[in-house]
1. Among (1) modelled with pLDDT under 95; (2) farther than 30 Å from Thr25 by Cβ, there is one condition Tyr168 misses while meeting the rest; what is its number?
2. Return the residues of the range 124-149 that are under 17 Å from Glu178 (Cβ atoms) and either of a type in the set (S, T, N, Q) or touching a residue at least 60 places away in the same chain (Cβ under 8 Å) (or both); say none if nothing qualifies.
3. Which numbered condition trips up Leu233, out of (1) assigned to a loop (DSSP other than H, G, I, E, B); (2) modelled with pLDDT under 95; (3) not hydroxyl-bearing (Ser, Thr, Tyr)?
4. Residues that are under 23 Å from Glu266 (Cα atoms) and outside any strand (DSSP E or B): does the range 164-187 have at least one?
5. Can you name every one of the helices (runs of 4 or more DSSP H) wholly within the range 49-150 that holds 2 or more residues which are touching a strand residue (DSSP E or B) at 6+ places or on another chain (Cβ under 9 Å)?
6. If I filter the range 159-175 down to residues being buried (at least 17 other Cβ atoms within 10 Å of the Cβ) and touching a strand residue (DSSP E or B) at 6+ places or on another chain (Cβ under 9 Å), which single residue comes out as farthest from Thr247 (Cα to Cα)?
7. Here is a list of conditions, (1) touching a Lys or Arg at 6+ places or on another chain (Cβ under 9 Å); (2) over 19 Å from Ala60 (Cβ atoms); (3) surrounded by fewer than 20 Cβ atoms within 10 Å (Cβ to Cβ), and Gln112 meets all of them except one; can you say which number that is?
8. Quick one: which residue in Asn243, Asn219, Asn270 is at pLDDT 95 or above, surrounded by fewer than 15 Cβ atoms within 10 Å (Cβ to Cβ) and more than 20 Å from Thr26 (Cα to Cα)?
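The values are calculated or read from the model by the stated rules, or taken from the named source; none is laboratory data. These numbers were taken from a predicted model, which means no experiment stands behind them. FYI the Cβ positions are ideal-geometry reconstructions off the backbone, even for glycines, and counts take in every protein chain you see.
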Amino acid sequence: MTDSSNRYPRLTKSFKGTYPFKIGTTSFIYPDYFIPNVKMLGPYLDEIELLLFESDSLDALLSRSVRAELVQLSENLNLTYNIHLPTDISISDPDPKKQQRAVDILMRVIDQTADLSPSTCTLHVPYTEISFEEDTIRGWLDGVCNHLETLLARGIAPEKLAIETLDYPIEIFARIIEKLNTAVCLDVGHLMVHGYDIHSIFNTYSESTSIIHLHGVDNRKDHLALDQLSETLLRRIISILKNFTGTLSLEVFCFEDLNISLKILERFWNSEQERE
């Protein structure tokens, strides 16, 4: 595979060790594969979120040679990884056969990425029911938790499996976390889109939150640069981050949005530090 990274713009400043949390971003900042993205981003950031969104691409993305090079880059660049598990399969799919297929694929991904020593493996668990009646919720939860227990039995520690906040009521999400003691991936953008009080939710799940996804939101469109957020929201986010020691992933998907977001985060962080 040809390394074409010299065609792409680079960050001009390292943010390694800048914050009490690890600062990272996704493996699709440049329109290229994992290795070029890691080589370009690794000298400047603490962690890379390896995106495994599409299950039919796993064999190429997770080949033995790619994993070996990622391990070497981690050592050379003082870099860690977190894994975003596939999103085109679901353990909560209405079709039981598709549920089982999802479990099988997720177990394979967890096994294959173990040598990368990921800080977390983030999982989407969509709510697929059309009703929020208690009996319906309970049936959905039973199925989801059974599948999650299968994944945990495979050997991944509960604190390494981070369930991401999505678009359904946080009260349902909470019941998964309470039952299995898994970690939380707090997607601040998703919470803002759906009108949640991010400060209150962080306080509730601060001890369980291992990773935060941060991105801008505008008119219910998310995964934008942080310049789309108001100063009030940005200051509230900084107040949360002061008490966070996990991984903050700027979940954007192009260089311009990452560059803008890093500068805004730095500016608001420094501004709050000066106020104290």
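1. Exception for Tyr168: condition (2).
2. Asn146 - this is the single residue of the range 124-149 that is under 17 Å from Glu178 (Cβ atoms) and either of a type in the set (S, T, N, Q) or touching a residue at least 60 places away in the same chain (Cβ under 8 Å) (or both).
3. (1)
4. First pass over the range 164-187, keeping only residues under 23 Å from Glu266 (Cα atoms): 185-187.
Imposing the further condition that a residue be outside any strand (DSSP E or B) reduces the set to none.
No, there is no match, as no residue in the range 164-187 is under 23 Å from Glu266 (Cα atoms) and outside any strand (DSSP E or B).
5. Details: elements: 58-61, 64-77, 96-112.
In the range 49-150, the matching helices (runs of 4 or more DSSP H) lie at 64-77, 96-112.
6. Applying the filter and picking the extreme gives Phe173.
7. Gln112 satisfies every listed condition except (2).
8. Only one candidate qualifies: Asn270.
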